[in-house]
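Have a look at the structure below before the remarks.
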Amino acid sequence: MEVLTATQLQALQEFDTPTVCNAIEGFGVRAKTEGFTNPSLRLRVGMEDKPMVGYARTGMISARNPAEPKHNEVMKAYYQQYEGFALPQIAVIQDLDEQPVGSFWGDVQATVHRALGCIGALTSGGVRDIKEVEKVGFYLFSTEVLISHAHVHMVEAGSTVEICGMAVRPGDLIHADCHGAIVIPHEIAPDLAVACRQAIDAENALLSPCRKALASGCRVTAEELMGWRAEMTLRRNAIGKFGE
């Protein structure tokens, strides 16, 4: 698997996740209804109004029943995923409990993960210590906010997980902001920043004349709107098609 450079990852941080989604659609590499989270995932802690961009490290947790001694080895295997990788990493943790009861994420794990080279977490479970995690400088996305850690322990490490309808494999490239999270297909990742600029340009075919009308106090007509929409569609159809 080829990975992006730090500079390429930083370039993707300049775009919100819906723009990234629009750009991915232009390549036609997957269905428009796949590859992103449903509305149950919420941003709890963000950093500098920038999206979270990095490579996934995965695990599955449970907190309903006490851990067994074998789970210590699972925890070690989970942490080992972060070793020997210099680029930003994201913890993607599936909570196996039907109703999450114990949080894996708080100021302790946020601090531990920052020391491992991890910049944030996505979980289908809960988080806590939100104010403290903000001080650590760690993104948190979750479905729940919880009080207790209960019996939380790592059940499985390094496998494919599902977070709010989005399947994630170890090493997947993730982009996430207040709208949710999306997996960026590796084969288009190097060209995605350029495609994002194309997606913005496409929308400007409609937005620019509307903004001009607003600034001048004029009303637009349905005929004008349909013409601008047609131009936007033409530009959208060109997304990801470089030099064609």
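The values are calculated or read from the model by the stated rules, or taken from the named source; none is laboratory data. The shown structure was predicted, so the numbers you read here are calculated from the model rather than taken from an experiment. Note that each Cβ is placed from the backbone with ideal geometry, even for glycine, and that neighbours are counted across all protein chains shown. The area values use the complete protein model at the heavy-atom level, side chains included, leaving out ligands, DNA and RNA. Shrake-Rupley method; radii C 1.70, N 1.55, O 1.52, S 1.80 Å.
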What shape does segment 80-122 take by its C-alpha gyration tensor, where a ≥ b ≥ c are the square roots of the eigenvalues and a/c under 1.5 counts as rounded, a/b above b/c as prolate, and the rest as oblate? prolate
Which of the aspartates and glutamates could a cross-linker bridge to K131, judged by Cα under 16 Å and excluding same-chain residues fewer than eight apart? E48, D107, E144
Which peptide among 207-218, 106-117, 189-200, 223-234 comes first, and what is the full order, when sorted by highest mean count of other Cβ atoms within 10 Å? 189-200, 106-117, 223-234, 207-218
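Once the mean 1/r over all distinct Cα pairs of segment 1-113 is inverted, what Kirkwood radius in angstroms do you read off? Please report the intermediate quantities before stating the final value.
Working: mean 1/r = 0.0592 Å⁻¹.
With all distinct Cα pairs of segment 1-113 included, I get 16.9 Å.
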Cubic angstrom per residue, convex hull over Cα atoms of segment 125-223: 215
Where in segment 1-96 are there trypsin sites (Lys or Arg not before Pro) that are in a DSSP coil and have at most 10 other Cβ atoms within 10 angstrom of their Cβ? K70
Cross-link partners among aspartates and glutamates for K50, C-alpha distance below 13 Å, same-chain residues fewer than 8 apart left out? E14, D16, D177
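Based only on Cα atoms, what mean projected area does the convex hull of the chain have, in nm²?
Over all viewing directions, the chain projects a mean Cα-hull area of 15.6 nm².
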How much net charge surrounds S124 when only other residues with a Cβ under 15 Å from its Cβ are counted (Lys, Arg +1; Asp, Glu -1)? -3
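Can you order the peptides 13-20, 81-88 by their average number of other Cβ atoms within 10 Å per residue, highest first?
Numbers: 13-20: 19.0, 81-88: 13.9.
Packing order, densest peptide first, comes out as 13-20, 81-88.
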For segment 1-42, state what percent of all Cα-Cα pairs lands in each successive 10 Å bin, counting from 0 Å until the bin that includes the largest distance. 22, 45, 32, 1
Given the options S124, S62, S148, which has the most mean-square fluctuation in a GNM of the chain, springs set between C-alpha atoms less than 10 angstrom apart? S148
Segment 31-81 accessible area per residue, 1.4 Å probe, protein heavy atoms, integer Å², reads 58
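Note down the magnitude of the dipole of segment 26-182 about its Cα centre, charges +1 on Lys and Arg C-beta and -1 on Asp and Glu C-beta and zero elsewhere, to the nearest 20 debye.
Numbers: 14 positive and 18 negative charges, 39 e Å.
That gives a dipole near 180 debye.
Quick one: length gained pulling I130 to L87 fully straight, 0.36 nm per residue minus the C-alpha distance?
On the way: separation 43, 0.36 × 43 = 15.48 nm, distance 2.49 nm.
Stretched out fully, the I130 to L87 stretch lengthens by 13.0 nm.
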Going by Cα centres, segment 188-244 and segment 113-174 are how many Å apart? 36
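Given a Förster distance of 51 Å, report the FRET efficiency between T233 and R114 from their Cβ-Cβ distance, rounded to the nearest 0.05. Please report the intermediate quantities before stating the final value.
Numbers: r = 44 Å, r/R0 = 0.86.
My answer for the efficiency is 0.70.
If I compute solvent accessible area with a 1.4 Å probe over the protein chains, what percent of it on segment 1-149 is carbon and sulfur? Mind showing how you got there, number by number?
On the way: 3680 of 7390 Å².
Roughly 50 percent of what the probe reaches on segment 1-149 is carbon or sulfur.
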Applying the gyration tensor rule to the Cα atoms of segment 131-182 (axes a ≥ b ≥ c; rounded if a/c under 1.5, else prolate if a/b exceeds b/c, else oblate), the class is oblate
